[in-house]
Amino acid sequence: MRIPFREARIRPIIVGNLKYSEFITNLLPIVAGATGNARYCYGVWMRHLIYLARFNGGSVPEKVTEIGPGDSIGVGLAALLSGSESYFALEVVKYWNSERNLRIFDELIELFQKEKKSLIIMNFHCCSQFWIIMHSLYK
């Protein structure tokens, strides 16, 4: 008599289910990237704006969708702070938490206020698209 699923590997099925269970993700938070850092989120958003300036004249997009935001929705918060009207985060597993997002939001507000006053940007090369974007953000 043949036993069904005898050769089946059960371990990957169990590990896969545990990995996405709410109990395990609360017990052992998964770190999904560097988006837990406000300066990183700010830099990623500004790089996207610089790239988009080639195609849209330096305007901030009205709608932003992020696939797999990771540790936080910091890039989306930066988009909203810079003038986007709506933000959609598409994620299979919710890695972020409210406390981290609130901390990043506060830090992003400080970063935007500092940049508005001084226009000193770290981690960027000076380029004409950047100045177009900064001018449109701070009108």
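Nothing in this text is a laboratory measurement; each read-out follows from the coordinates by a stated rule. Note that the coordinates shown come from a computational prediction; the quantities given were computed from them, not determined experimentally. Note that we place each Cβ from the backbone using ideal geometry, even for glycine, and neighbour counts take in every protein chain shown.
Using 0.36 nm per residue and subtracting the Cα-Cα separation, the extra length available between ARG103 and LEU18 on full extension is 27.7 nm.
Put a dot 7 Å past the Cα of TYR51, heading toward its Cβ, do the same for PHE88, and the two dots end up 1.9 nm apart.
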